[in-house]
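Written out below as structure tokens is the structure these notes cover.
The values are calculated or read from the model by the stated rules, or taken from the named source; none is laboratory data. Bear in mind that the values here come from a model prediction, so they are computed numbers and not experimental data. Here the Cβ is made from the backbone with ideal geometry for all residues, glycine too, and neighbour counts use every protein chain on show.
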Amino acid sequence: MKQQKHIQTSVLRKPTRDCTVPNDSCHPIQNRLPTIRYFSNRINAYPLNELEKENEITPVANILYNIKYDVRISNDVNKEKK
């Protein structure tokens, strides 16, 4: 019987602080949306399984909440990218 060998990877992330442009700043929207794009790309850049993806989404949602972004806006940005 031939066994298939699979390589599993995971991403170790340093804790990310929420030192980005908050949503309630006076900066133009063009300067605030890259924050969301960065976090979106951070989740989608690696082939993660569902559990790892969920582990990545939860802190990102918390960061967006802390800097006063509506977490649903990240879904809109993701749709724009596709």
Quiz item: How many of the residues in the stretch 23-64 are in contact (Cβ under 8 Å) with a residue 12 or more places away in the chain and of a type in the set (Asp, Glu)?
Solution: 3
Quiz item: Mind checking which residues of the stretch 45-65 are of a type in the set (A, V, I, L, M, F, W, C), part of a helix (DSSP H, G or I), more than 9 Å from the chain's Cα centre (by Cα) and surrounded by 14 or more Cβ atoms within 10 Å (Cβ to Cβ)?
Solution: 63, 64
Quiz prompt | In the stretch 7-44, the residues that are among the β-branched types (Val, Ile, Thr), surrounded by 14 or more Cβ atoms within 10 Å (Cβ to Cβ) and either part of a helix (DSSP H, G or I) or more than 16 Å from the chain's Cα centre (by Cα) (or both) | solution = 35, 36, 43
Quiz prompt | Residues that are within 16 Å of residue 13 (Cβ to Cβ) and among the polar types (S, T, N, Q), drawn from the stretch 37-71 | solution = 40, 41, 44, 49, 55, 58, 62
Quiz item: Just one of 36, 29, 43 is modelled with pLDDT of 80 or more and under 13 Å from residue 59 (Cβ atoms); which is it?
Solution: 43
